Amino acid sequence: MAEKTFDIIRHYDKVSAELVEKYAALEESASICECMNMKNAFGGKVKPVWPGMRCCGPAFTVDARPGDNLILHKAIDMIQPGDVLVVCYHDNTATGGMWGGMMTACLKAKGAAGMVTDGAVRDTMTIKKLDFPIFSQAVNVRGTTKAMPGRINHPVVMCGTVVNPGDLVFADNDDVVIVPKEIAAEVYEKVKAREDKEDRLLDVIFAHKGTTYDLNGNDRKLQVLIDSGQVTEEPAD
C-alpha cells in the first residue's frame with residue numbers, strides 16, 4: 001500500500017528558538033543575504049505594510065489557491081507562538097481580501113511573529129493599530145472566496161526562493177530573507193562576524209580615518225582600471 005501523503009502537515013523540524021533569538025538581534029536583512037552569496041532574498045518585491053516593521057521566526061508555510069483564503073483560516077488555527085506565516089499566493093495580487101485585519105488579530109492573539117506573502121492584503125490601518133508585522137507584495141480591497149483547497153507546511157516557492165516549513169524567516173524594512181534551517185547556525189556565525197566588523201568600521205569612519213573608498217580596498221581596485229586606461233582621472237593638483 002502506498003504511503004499516505006497529507007495536504008496538511010502538523011509535524012516538521014524547525015530552526016531552534018535559541019537560534020531565532022540570535023537572528024532577531026541582528027541588524028539587517030542585507031547582512032544575512034551577503035553571507036549566503038546573495039541568495040534566498042525576495043529581491044524587494046515583498047514590502048512591509050508599514051515602514052519599520054520587522055519579524056524573525058520559523059516558517060509556517062501555506063500554499064493557497066489565488067482568489068481563495070479558506071486554507072489560511074485553517075493555518076491560523078494551527079500556527080504556534082513565534083512562527084512566521086508564509087503564504088504563497090503564486091504572485092497573485094488581485095485579491096487583497098486574501099488577508100485582513102481580523103485575521104491579523106488572530107495571529108497576534110496566538111503569539112505568531114509575523115506574516116509574509118507574495119499576494120496582497122487589506123485593512124492596513126487595522127494592521128497598523130495592531131502593530132503586527134505584515135509583509136506583502138501589494139495592497140487592495142478586493143475580496144476572496146472560501147471554498148478551495150490548499151496545502152499547509154509543504155515547501156513553497158516565492159519570488160524565486162524556496163521556503164521549507166521550519167526555515168528561518170528574517171523580514172525587515174529592506175527585504176525578506178530565508179535561511180534554510182540546515183545551515184542556519186553556520187550562516188549566523190558569518191553574519192555576526194560581518195556585523196561586528198561593520199560596527200568597528202563605523203568607529204573608524206566617524207574618527208575621520210577613512211571612507212569606504214580606501215578602507216575596503218576600493219581605491220586599489222579603481223587604480224587598476226586607471227592604470228589600464230579604462231578610467232581616466234584629472235590630476236588633483
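The values are calculated or read from the model by the stated rules, or taken from the named source; none is laboratory data. From a predicted model like this one, the values you see are computed outputs, not experimental measurements. Heads up, the Cβs are rebuilt from the backbone with ideal geometry, glycines too, and the neighbour counts pull from every protein chain shown.
Computed quantities for the displayed model
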{"item": "Selection status of Gly82, surrounded by fewer than 22 Cβ atoms within 10 Å (Cβ to Cβ), within 14 Å of Ala112 (Cα to Cα), of a type outside the set (Val, Ile, Thr) and at pLDDT 95 or above", "result": "yes"}
{"item": "Residue match in the stretch 89-102 (condition: crowded, with 24+ Cβ neighbours inside 10 Å, of a type outside the set (D, E, K, R) and more than 17 Å from the chain's Cα centre (by Cα))", "result": "yes"}
{"item": "First in the stretch 176-199 and over 17 Å from Glu18 (Cβ atoms) and modelled with pLDDT of 95 or more, second anywhere and buried (at least 20 other Cβ atoms within 10 Å of the Cβ) and small (Gly, Ala, Ser), Cβ under 6 Å, 6 or more apart", "result": "Val177/Ser29; Val177/Ala41"}
{"item": "The stretch 168-190 - residue that is under 18 Å from Thr117 (Cβ atoms) and in contact with a helix residue (DSSP H, G or I) (Cβ under 8 Å, 6 or more places away or on another chain) and, of those, surrounded by the fewest Cβ atoms within 10 Å (Cβ to Cβ)", "result": "Asp174"}
{"item": "Pair list, Cβ < 6 Å and 6+ apart or interchain, from the stretch 67-85 residues that are within 11 Å of Ile152 (Cβ to Cβ) to residues that are of a type in the set (D, E, K, R)", "result": "Ile79/Lys110"}
{"item": "Of all residues making up the stretch 69-79, the number that are in contact with a helix residue (DSSP H, G or I) (Cβ under 8 Å, 6 or more places away or on another chain) and either surrounded by fewer than 16 Cβ atoms within 10 Å (Cβ to Cβ) or among the charged types (D, E, K, R) (or both)", "result": "1"}
{"item": "All positions within the stretch 103-148 that are β-branched (Val, Ile, Thr), within 16 Å of Tyr89 (Cβ to Cβ), crowded, with 16+ Cβ neighbours inside 10 Å and out of contact with any helix residue (DSSP H, G or I) (no Cβ under 7 Å at 6 or more places or on another chain)", "result": "Val116, Thr117"}
{"item": "Condition check for Pro165: surrounded by 11 or more Cβ atoms within 10 Å (Cβ to Cβ) and over 23 Å from Ser16 (Cα atoms)", "result": "no"}
{"item": "Residue check for Ile32: aliphatic (A, V, I, L, M) and over 18 Å from the mean Cα position of the chain (by Cα)", "result": "no"}
{"item": "Within the stretch 139-157, considering residues that are part of a strand (DSSP E or B) and in contact with a Gly (Cβ under 7 Å, 6 or more places away or on another chain), the one nearest to Pro58 (Cα to Cα)", "result": "Val139"}
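Here's the yes/no breakdown for (1) in contact with a Phe, Trp or Tyr (Cβ under 6 Å, 6 or more places away or on another chain); (2) modelled with pLDDT of 95 or more; (3) within 21 Å of Val169 (Cβ to Cβ); (4) not charged (D, E, K, R):
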| position | (1), (2), (3), (4) |
| --- | --- |
| Gly96 | no, no, no, yes |
| Gly101 | no, yes, no, yes |
| Cys106 | no, yes, yes, yes |
| Lys110 | no, yes, yes, no |
| Asp118 | yes, yes, yes, no |
| Leu130 | no, yes, yes, yes |
| Pro133 | no, yes, yes, yes |
| Val139 | no, yes, yes, yes |
| Gly143 | no, no, no, yes |
